[in-house]
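Engineer: The structure follows.
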Amino acid sequence: MEQQEAIRVAREEAVALRAKIRRGLFADQTAGAAPHCVQGNLVILPSFLADDFHRYCAANPKPCPLLAVSKPGDPALPTLAEDFDLRTDVPLYRIYRHGELERETTDIRDVWEDDFVGFVLGCSYSFEAALLEHGIPLRHIERNMGVPMFVSNIATVPAGPFAGPMVVSMRPMFPEHAHRAAAICAEFERAHGEPVQIGNAEAIGVSDIMAPDFGEAVPLEDGEIPVFWACGVTPQMAIKQARPDICITHAPGFMVISDIAASELAAGRGPEISSAPQSNE
């Protein structure tokens with residue numbers, strides 16, 4: 001697909017899907033739902049924690065590649081989409097209080113505060129169309145399932161109160177596909193880039209492929225190996241340790257949908273972000 005056509009198709013997919021989400025007509029996981037669009041993980045925090053979380057992302061670019069940071073109290077993210085609203089345009093949110101999950105919801109306008117800062121981090125769903133186009137099958141998409149995610153034994157670099165283990169996503173592949181996928185994903189640094197482990201689940205602390213911590217179990221078939229990527233659910237582990245009074249995230253697998261074509265992330269292209277969150281004071 002030509003680049004300009006890819007950009008047009010991505011924006012049409014994104015606008016249509018966000019409209020359904022906003023109207024309560026789509027509340028499903030988003031793998032394969034907008035295949036040509038950049039998707040993202042979401043973290044919303046009070047502004048006094050924004051600098052520390054920004055530093056945490058900068059120190060851990062593999063699981064936390066920043067795509068966008070909002071202004072305090074502003075639910076818009078114009079670098080990702082003209083009409084995006086942080087409060088209504090994610091299929092399913094999680095509300096944490098003091099590091100513990102309080103509830104899930106499809107609308108956070110009732111808890112929105114005028115000092116909230118939203119962070120959108122890259123997501124591995126953004127490179128899946130490229131894998132499919134290169135003939136690499138993805139079973140979770142074939143079966144309309146959420147990708148399985150596991151809490152690994154890989155430690156992240158602390159920043160302020162934020163620290164914890166890296167979460168990884170897993171896709172079963174034949175070895176020849178795994179190494180081709182690694183080369184393709186290397187161009188998508190802002191969607192987690194190359195895998196962090198190929199073939200050895202126990203080396204990163206994953207003891208049971210059929211018991212993911214998030215998402216759904218996807219079995220390996222004969223001859224396949226597990227391939228693991230860093231995952232943007234990692235901040236939800238750091239939030240449990242930081243224990244902020246309130247924090248809002250996406251529910252794993254229910255992602256931010258941007259207007260940006262996934263092909264734009266290849267080779268480092270994509271939205272520009274500020275070097276640090278802007279204060280509203």
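Engineer: What are the pairs with Cβ atoms under 9 angstrom where one residue, in segment 194-217, is on the phi > 0 side of the Ramachandran plot and in contact (Cβ under 8 Å) with a residue 24 or more places away in the chain and the other, located anywhere, is loosely packed, with under 14 Cβ neighbours inside 10 Å and charged (D, E, K, R)? Sequence gap at least six, or different chains.
Structural biologist: From segment 194-217, no pairs qualify.
Engineer: Let me ask something else. If you go through segment 65-97, how many residues are outside any loop (DSSP other than H, G, I, E, B) and among the β-branched types (V, I, T)? Can you show your working first?
Structural biologist: Filtering segment 65-97 down to residues outside any loop (DSSP other than H, G, I, E, B) leaves 66-69, 93-97.
Of the ones still in play, those that are also among the β-branched types (V, I, T) are 69, 95.
Adding up the residues that qualify gives 2.
Engineer: Further question on the same structure: Are any of the residues in segment 13-31 of a type in the set (K, R), without any contact (Cβ under 8 Å) to a residue 12 or more places away in the chain and in a loop (DSSP other than H, G, I, E, B)?
Structural biologist: The answer is yes, given that some residue of segment 13-31 is of a type in the set (K, R), without any contact (Cβ under 8 Å) to a residue 12 or more places away in the chain and in a loop (DSSP other than H, G, I, E, B).
Engineer: Can you go through E133, E187 and tell me which one is charged (D, E, K, R), more than 30 Å from I246 (Cβ to Cβ) and within 18 Å of the chain's Cα centre (by Cα)?
Structural biologist: Details: E133 fails: within 18 Å of the chain's Cα centre (by Cα).
From the options E133, E187, the qualifying one is E187.
One line per residue, one yes/no per condition, for (1) outside the structural domain of I198 (by TED's automatic domain parsing); (2) under 19 Å from F228 (Cα atoms):
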{"position": "V117", "(1), (2)": "yes, no"}
{"position": "V151", "(1), (2)": "no, yes"}
{"position": "T156", "(1), (2)": "no, yes"}
{"position": "P161", "(1), (2)": "no, no"}
{"position": "C185", "(1), (2)": "no, yes"}
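Yes or no, residue by residue, for (1) polar (S, T, N, Q); (2) within 27 Å of Y56 (Cβ to Cβ); (3) surrounded by fewer than 18 Cβ atoms within 10 Å (Cβ to Cβ); (4) outside the structural domain of R94 (by TED's automatic domain parsing):
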| position | (1), (2), (3), (4) |
| --- | --- |
| P212 | no, yes, no, yes |
| V218 | no, no, no, yes |
| D222 | no, no, yes, yes |
| R243 | no, yes, yes, no |
| I248 | no, yes, no, no |
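Engineer: Still on this structure, I have one more. Can you tell me how many residues within segment 5-46 are of a type in the set (G, A, S) and surrounded by fewer than 18 Cβ atoms within 10 Å (Cβ to Cβ)?
Structural biologist: 6
Engineer: I need the full set of residues from segment 208-258 which are of a type in the set (A, V, I, L, M, F, W, C) and over 29 Å from A68 (Cβ atoms), in order please.
Structural biologist: Scanning segment 208-258 gives I209, M210, A211, A217, V218, L220, I225.
Engineer: Next question, about the same structure. Please verify whether segment 101-110 includes one or more residues that are assigned by TED's automatic domain parsing to the domain that holds A27, touching a Lys or Arg at 6+ places or on another chain (Cβ under 9 Å) and crowded, with 18+ Cβ neighbours inside 10 Å.
Structural biologist: yes
Engineer: Suppose we filter segment 139-152 for residues that are part of a loop (DSSP other than H, G, I, E, B) and surrounded by fewer than 21 Cβ atoms within 10 Å (Cβ to Cβ); how many remain?
Structural biologist: Residues meeting the conditions: 3.
Engineer: Moving on to the next point. Out of curiosity, is F53 farther than 19 Å from I257 by Cα, of a type outside the set (G, A, S), crowded, with 18+ Cβ neighbours inside 10 Å and touching a residue at least 40 places away in the same chain (Cβ under 8 Å)?
Structural biologist: Yes; evaluated as a whole, the condition is true for this residue.
The values are calculated or read from the model by the stated rules, or taken from the named source; none is laboratory data. Keep in mind the model is a prediction, meaning the values are calculated, not measured. Every residue, glycine among them, receives a Cβ derived from its backbone with ideal geometry; neighbour counts consider all protein chains shown.
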